[in-house]
Amino acid sequence: MNGIFLVNKKAGLTSHDIVYQIRKKFNIKKVGHTGTLDPFATGLLIILVGKATKLAFLFDELDKQYDGTIVLGKSYDTDDITGEVINEAPVSFTEDDLKAILNRIVPTYKQIPPSYSAIKKAGVKAYEAARSGKPLDLPAREVSIYNFTYQINKQTIDFSTHVSKGTYIRSIARDIGLGLNSFGALSVLNRTNIGAYSQNMSKTVEDTELPDLIDHTLLFEGVKKIVLNDYFIKLVKNGVVLDKRQTTLNEPFIVQDEMGNYIAYYVPDNQQYKLKYLF
């Protein structure tokens, strides 16, 4: 069993909880996920099983879409309402005020990650440092916000957004609050899309069954293929580096045997091709 499950995570569960539940339900030893959802958040979580646990890199660059709610007037140490309130300020703003802030952060801006995040600095995880009372000084990173639509409801903002990899929605909530001369935090977050994968395609762990597994070969639809003879197939299975004598493709490709079976996935690497995944 090698592939992915698209799981619709409920609130109150960690991403690790979902991994554990899938492992137990299907009696699979190797299970992982492609990107953490905070416990209070809901929505799409991609679960990798079997050999496919080595395919997390396929999802690293994918953009994501979310729906959520920002509550204004209070600052939390976690930048969401599950944390401790550390500051408060009255909030009064117009839609033009909000639009002015969005014009500063859409489509790109330098974003400082939340103190409570899994980012490491000098080998220390940010959330571990924050819990110890010594939060890290995290550098700003450029992120892209492709779209941000909203509905203002007094002191809350309901929104939908489409963002690049590495974008923290909690940081967006925080920065919008600060831009309005107050504070902001997430009260609701739901992930609706990861790349081409949609929450509408997902199921809860309870409803997920074996036929829902997307086989790992299907993750490579549209990837170029080359066919090698039995001699080279043996070398490929041992991790041989390929070169222009086998192909001149300048993009990743699948190696197939003469029977059409998928053998390996290769990526360009300094005028050669490096083994990335064995089927």
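The values are calculated or read from the model by the stated rules, or taken from the named source; none is laboratory data. Worth saying up front: this structure is predicted, and the values here are computed from it rather than measured. Methodologically, a virtual Cβ is constructed for each residue, glycine included, from the backbone with ideal geometry; neighbour enumeration extends over all protein chains shown. To get the accessible areas, we keep the full protein, side chains included, count just its heavy atoms, and leave off ligands, DNA and RNA. Shrake-Rupley method; radii C 1.70, N 1.55, O 1.52, S 1.80 Å.
Structure notes:
- Restricting attention to the range 177-193 and to residues that are more than 21 Å from D63 (Cα to Cα) and in contact with a Gly (Cβ under 9 Å, 6 or more places away or on another chain), the residue that is most open to solvent (accessible area, probe 1.4 Å) turns out to be L178.
- For the range 197-206, taking the residues that are in contact (Cβ under 8 Å) with a residue 60 or more places away in the chain and assigned to a loop (DSSP other than H, G, I, E, B), the one that is surrounded by the fewest Cβ atoms within 10 Å (Cβ to Cβ) is identified as T204.
- Check on V163, open to solvent by 20 Å² or more (accessible area, probe 1.4 Å), among the hydrophobic types (A, V, I, L, M, F, W, C), in contact (Cβ under 8 Å) with a residue 60 or more places away in the chain and within 24 Å of V7 (Cβ to Cβ): no
- Condition met for S171 (in a helix (DSSP H, G or I), within 30 Å of I101 (Cβ to Cβ), among the small types (G, A, S) and touching a residue at least 24 places away in the same chain (Cβ under 8 Å)): yes
- Unique residue being acidic (D, E) and either within 15 Å of the chain's Cα centre (by Cα) or surrounded by 16 or more Cβ atoms within 10 Å (Cβ to Cβ) (or both) when the list is D38, D17: D38
- Filter pass, L58 being in contact with a His (Cβ under 8 Å, 6 or more places away or on another chain), at negative phi and touching a residue at least 40 places away in the same chain (Cβ under 8 Å): no
- Residues considered: S117, S75. Of these, the only one that is more than 20 Å from the chain's Cα centre (by Cα), outside any helix (DSSP H, G or I) and touching a residue at least 24 places away in the same chain (Cβ under 8 Å) is S75.
- Unmet requirement for L48, which otherwise passes all of (1) assigned to a strand (DSSP E or B); (2) in contact with a Ser or Thr (Cβ under 7 Å, 6 or more places away or on another chain); (3) in contact (Cβ under 8 Å) with a residue 60 or more places away in the chain: (3)
- If the condition is being closer than 24 Å to M1 by Cβ, touching a Leu at 6+ places or on another chain (Cβ under 8 Å) and not in a helix (DSSP H, G or I), then the range 211-238 contributes only I214.
- Once the range 111-155 is narrowed to residues that are among the basic types (K, R) and in contact with a Pro (Cβ under 9 Å, 6 or more places away or on another chain), the residue that is surrounded by the fewest Cβ atoms within 10 Å (Cβ to Cβ) is K121.
- The sole residue among G239, G260 that is among the small types (G, A, S), within 14 Å of Y277 (Cα to Cα) and either touching a Phe, Trp or Tyr at 6+ places or on another chain (Cβ under 6 Å) or open to solvent by less than 60 Å² (accessible area, probe 1.4 Å) (or both) is G239.
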